[in-house]
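Asker: So that we are looking at the same thing, I have put the structure below in structure tokens.
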Amino acid sequence: MELHLVLVLLLLAAAAHPIAFANAGAAGNATTTTYIVFMDPARLPAAGHAAHLQSLAIDPDRHLLYSYSAAAHGFAAALLPHHLPLLRASPGVLQVVPDEVFDLHTTRTPEFLGLLSPAYQPAIHGFEAATHDVVIGVLDTGVWPESPSFAGGDLPPPPARWKGVCEAGVDFSPSVCGRKLVGARSFSRGLRAANGGGGGGARAGVGRKGFVSARDRDGHGTHTATTAAGAVVANASLLGYATGTARGMAPGARVAAYKVCWPEGCLGSDILAGIDAAVADGVGVLSLSLGGGSAPYFRDTVAVGAFGAAAAGVFVACSAGNSGPSGATVANSAPWVATVGAGTLDRDFPAYVTLPTGARLAGVSLYAGPSPSPRPAMLPLVYGGGGDNASRLCLSGTLDPAAVRGKIVLCDRGVNARVEKGAVVKAAGGAGMVLANTAASGEELVADSHLLPAVAVGKLAGDKIREYASRRAAGGAGAPMAMLSFGGTVLGVQPSPVVAAFSSRGPNTVVPEILKPDMIGPGVNILAGWSGVAGPTGLVKDGRRTHFNIISGTSMSCPHISGVAALLKAAHPEWSPAAIKSALMTTAYTVDNTNSSLRDAAGGLLATPFAFGAGHVDPQKALSPGLLYDISTKDYVSFLCSLNYTTPHIQVITKMSNITCPRKFRPGDLNYPSFSVVFKKKSKHVMRFRREVTNVGPAMSVYNVKVSGPASVSVKVTPAKLVFNKVGQKQRYYVTFASTVDASNAKPDFGWISWMSSQHVVRSPIAYTWKI
């Protein structure tokens, strides 16, 4: 629960388990629950969804929340119990599902990604004007339009095909939009219905000031939007940290903000409305730094909406989630979505904890206020300043002011938010804080702009400090002491990138034959724009204000990929969303800046494709991938058929009236840029898959295959050579995987298939798992 934006426990639990909110208000004292109703497109009533409800004696003015048409076919409504059998028996209704709560998955990155390298600049300038025609839609907490990152500069007018609008609302005038921020809308009917506001469409009452407005009072939405496509801003920093020029991944692209997340959470009905509007408005890329639990795709609101967007040619990037390092935690696992994990940058904010023993233990901090003493000095150190284990976590109300006043307090990481721990220590009179990782976070260091002097340290350093504090306190050899000091901003940190411990991991629990996440991008200590009414900690008591903030999460890595996708879309407008994702995946790298394999921050060991997918995104190489794995809507239908979904379930996702399933198709047969081979008892441990690649490199190209991997699986690729004579030519190849080990003793393992020419390496990761 250390997301930058922490939801209440009820909402976090709801994200993992779809729930319906009961409320009174739509019909006297009767209880209504919000549902999303999916319709067969062939049976859509000519008069619309309101007429359909009226035909069932359901008052649309009182119950209808949204009608969907661009990304999905159906509507959302706050319904009474007796409405459900009427709807489910109604011709044309495919599925009725309860609304669901999702949660947010909470600058040097252009340089780190190579976007500013001399070798890359000519390529960028060649299509910079084309990025002006790409609009990135960001579904999040809204936007702070006055941020300098939304300055329009010399941008031309928005593309003629753009149909988006800037909606007037509380503290939000349409005039705040311009040539950079070209759209801003808010969606809260689902949330208001869940909170007791009933239906009533746009005429429903507002629960609090600012509800019907796209203005970002949190900061998360502004941060993600400016990460993706913020304008160039000189002398940007967070209170002096990370000083430099801030810019988004695609500074020439446009931004449209769709506010679907509120302090109480992000409702599926509102998210689907946002996706639906974004597709109708004409976005080219969608960025969603939010997610829920694992569910079949026909019950996953984001998956359904994303399919409609992808079918319309929109690239959709979603965060993988912040539930790592535990396995099988990845969210947003649909194959038509780019699922993004998080890695570190080569920039750090060093800080130190010095003990009287002479030990100087390194950590990180973004503290920018006065020191606990006029000059660095030893102060008393206390661990468990409340007499119980809860006080070691520095939970609210657990610290005894008499025990911690004027002292540095050692707090274990976990349970409550990192910045909240600092606020708890300050409220109790503490002079400073050391925030020490436990095994769950390992050596991952995430910097925060605490309200008091504070240093975050990894588990190893934390264990040394814990042992020192406990030994001195128990031995009566005098009070334990410590000194905090701060080192500013440091560049060129090695090793980097490292997979963030919080980044959610595979395997994919919805469809194990699809490897997720797809890739990782920068997601730790990211500088980007911020709201003008929120402090850098996001805490109510934080009165500081800044144009930029540094936060972490897969929420931050997702918009990096969205921005890079906008660059690729501008450079290659003929590429499909699947082709863009293929280019990003097959050119990703898996070595750090010391030329060693990527490591996992959780334990310092080598990371695997369950953590980083195909690897860390490389925008330069993605511009020219050589070969592409493309996927059509028909291919996705075959994939859905292979999951044994019913025809109505497939229609919910695809919006198609007529579904024809092939006789032979397995989930692993989808033309995906990666492989997830699941050996099952019935398969006799031999699996054979087909792939098709499209030549987008030189017309005359020859590729030879290279296979690497464990001894536990033999791999045969046929043919071993692919010869292309023209651009756009397609070639098929087949891969046979044969397990050579006893399944009862086998553990997940990994390998690679690489197609190599004189100019390109097209690489696909392979994950092997055994199910008895």
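The values are calculated or read from the model by the stated rules, or taken from the named source; none is laboratory data. These figures come from a predicted structure and were not determined experimentally. Note that each Cβ is placed from the backbone with ideal geometry, even for glycine, and that neighbours are counted across all protein chains shown. Please note that ligands, DNA and RNA were not included when accessible areas were found on the heavy atoms of the full protein model with its side chains. Shrake-Rupley method; radii C 1.70, N 1.55, O 1.52, S 1.80 Å.
Asker: Excluding same-chain residues fewer than 8 positions from LYS747, which lysines have a Cα within less than 25 Å of its Cα?
Answerer: Filter leaves LYS516, LYS680, LYS681, LYS682, LYS684, LYS706, LYS716, LYS771.
Asker: Tell me the label-point distance for the pair SER708, SER744, using the 7 Å Cα-to-Cβ offset, in nm and rounded to one decimal.
Answerer: Computed distance between label sites SER708 and SER744 equals 3.4 nm.
Asker: Quick check for you: which residues of the stretch 310-339 have the amide N under 12 Å from the point 7 Å beyond the Cα of ALA440 toward its beta carbon?
Answerer: From the stretch 310-339, the list is 323-326.
Asker: Give me the dipole magnitude in Debye, nearest 20, for the chain about the Cα centre, with unit charges on the beta carbon: positive for Lys and Arg, negative for Asp and Glu.
Answerer: On the way: 65 positive and 46 negative charges, 244 e Å.
Here the chain has a charge dipole of around 1180 debye.
Asker: Can you spot the lysines whose alpha carbon is less than 20 Å from LYS163's alpha carbon? Ignore those fewer than 8 places along the same chain.
Answerer: List returned: LYS180, LYS259, LYS569.
Asker: Starting from the Cα of LYS721, move 7 Å in the Cα-to-Cβ direction to define the label point; list residues of the stretch 735-755 whose amide nitrogen is under 17 Å from there.
Answerer: Zone members listed by number: 755.
Asker: In the chain, with Lys and Arg counted as +1 and Asp and Glu as -1 at Cβ, which of these residues, GLY697, ILE766, LEU366, has the Cα nearest the positive end of the dipole, that is, farthest along it?
Answerer: Of the options given, the answer is ILE766.
Asker: Subtract the Cα-Cα distance of ARG663 and VAL591 from 0.36 nm times their separation in residues, and report this length gain in nm to one decimal.
Answerer: Gain on stretching ARG663 to VAL591: 21.8 nm.
Asker: Ignoring ligands, DNA and RNA, please state the percent of accessible area on the stretch 674-770 from carbon and sulfur, probe 1.4 Å.
Answerer: Carbon and sulfur together cover 52 percent of it.
Asker: Ordered by residue, what ³J(HN,Hα) values in Hz, to whole numbers, does the stretch 328-343 give under the Karplus form 6.51 cos²θ - 1.76 cosθ + 1.60, where θ = phi - 60° and Gly and Pro are x?
Answerer: My calculation for the stretch 328-343 gives 6, 10, 5, 9, 6, 9, 5, x, 8, 10, 8, 9, 10, x, 10, x Hz in order.
Asker: Any idea of the accessible area per residue across the chain, 1.4 Å probe, to the nearest Å²?
Answerer: Details: 27390 Å² over 772 residues.
With the other protein chains kept in place, the chain gives 35 Å² per residue.
Asker: How far apart, in nm, are the 7 Å Cα→Cβ label points at ALA359 and VAL490?
Answerer: 1.9
Asker: Now a separate question. Can you list residues whose amide H is under 5 Å from LEU627's amide H, if they're 5+ apart or on another chain and H is modeled 1.01 Å from N?
Answerer: HN-HN under 5 Å from LEU627: VAL696.
Asker: Quick check for me: using +1 on Lys/Arg Cβ and -1 on Asp/Glu Cβ, what's the dipole size of the stretch 453-528 about its Cα centre, in debye to the nearest 20?
Answerer: Numbers: 7 positive and 4 negative charges, 69 e Å.
Using only the charged Cβ atoms, the result is roughly 340 debye.
Asker: Modelled label-to-label distance, ARG690 and ALA402, 7 Å Cα→beta-carbon offset: nm?
Answerer: For the pair ARG690/ALA402, the computed spacing is 7.9 nm.
Asker: Rank-order 73-80, 41-48, 176-183 by packing density, defined as the average count of other C-beta atoms within 10 Å over each peptide's residues, highest first. Don't jump to the answer; show the numbers that get you there.
Answerer: Working: 73-80: 27.2, 41-48: 12.9, 176-183: 22.2.
Averaged packing, sorted descending, gives the order 73-80, 176-183, 41-48.
Asker: Same structure, new question: Ignoring ligands, DNA and RNA, please state the percent of accessible area on the stretch 33-98 from carbon and sulfur, probe 1.4 Å. Present the calculation step by step, with values, prior to reporting the outcome.
Answerer: Details: 1370 of 2540 Å².
Carbon and sulfur atoms account for 54 percent of the accessible area of the stretch 33-98.
Asker: Here's something else I'd like to know. Consider a paramagnetic label point 7 Å from the Cα of ALA377 along Cα→Cβ; state which residues of the stretch 403-420 have an amide N under 14 Å from it.
Answerer: Under 14 Å, as judged by backbone N against the label point of ALA377, lie 406-408 of the stretch 403-420.
Asker: Tabulate in residue order the Karplus-calculated ³J(HN,Hα) for the stretch 448-461, using 6.51 cos²θ - 1.76 cosθ + 1.60 with θ = phi - 60°, rounded to whole Hz; enter x for Gly and Pro.
Answerer: Using θ = phi - 60°, the values come out as 9, 8, 5, 7, 9, x, 8, 10, 9, 10, x, 5, 4, 5 Hz.
Asker: Out of HIS547, PRO480, GLN620, whose Cα points farthest toward the positive end of the dipole of the chain (charges: +1 Lys, Arg; -1 Asp, Glu; placed on Cβ)?
Answerer: GLN620
Asker: Is the shape of the stretch 254-402 rounded, prolate or oblate, going by the alpha carbon gyration tensor and its root eigenvalues a ≥ b ≥ c, with a/c under 1.5 for rounded and a/b larger than b/c for prolate? Could you put the intermediate results ahead of the total?
Answerer: Numbers: a/c = 2.76, a/b = 2.33, b/c = 1.18.
It is prolate, given that a/c is not under 1.5 and a/b is the larger ratio.
Asker: Put +1 on the Cβ of each Lys and Arg and -1 on the Cβ of each Asp and Glu in the chain; which of ALA377, THR245, ALA611 then has its Cα farthest toward the positive end of the dipole?
Answerer: Positive-most Cα among the choices belongs to ALA611.
Asker: What list of ³J(HN,Hα) values in whole Hz, one per residue of the stretch 545-554 in order, does the Karplus curve 6.51 cos²θ - 1.76 cosθ + 1.60 (θ = phi - 60°) give from phi, with Gly and Pro shown as x?
Answerer: 10, 8, 6, 10, 9, 10, 9, 9, x, 5
Asker: Next question. For LYS464, which aspartates and glutamates qualify as cross-link partners when the Cα separation must be under 15 Å and same-chain residues fewer than eight apart are set aside?
Answerer: By straight Cα distance, LYS464 reaches ASP412, GLU443.
Asker: Mind listing the lone cysteines of the chain, meaning no other Cys beta-carbon sits under 4.7 Å from theirs?
Answerer: Those would be CYS318, CYS558, since no other cysteine Cβ in the chain comes under 4.7 Å of theirs.
Asker: Could you work out [θ]222 nm for the chain from helices alone, using -39500 (n - 2.57) per DSSP H run of at least four and dividing by all its residues? Round to the nearest 500 deg cm²/dmol.
Answerer: Roughly -6000 deg cm²/dmol at 222 nm, from the helical runs in the chain.
Asker: Taking the Cα centre as origin and putting +1 on Lys and Arg beta-carbons and -1 on Asp and Glu beta-carbons, what dipole magnitude results for the stretch 493-649, to the nearest 20 debye?
Answerer: In total the dipole reaches around 440 debye.
Asker: Of the heavy-atom accessible surface of the stretch 350-486 (probe 1.4 angstrom), what whole percent is carbon and sulfur?
Answerer: 56
Asker: For MET483, MET433, what's the largest-to-smallest order of accessible area, 1.4 Å probe?
Answerer: The most accessible residue leads, giving MET483, MET433.
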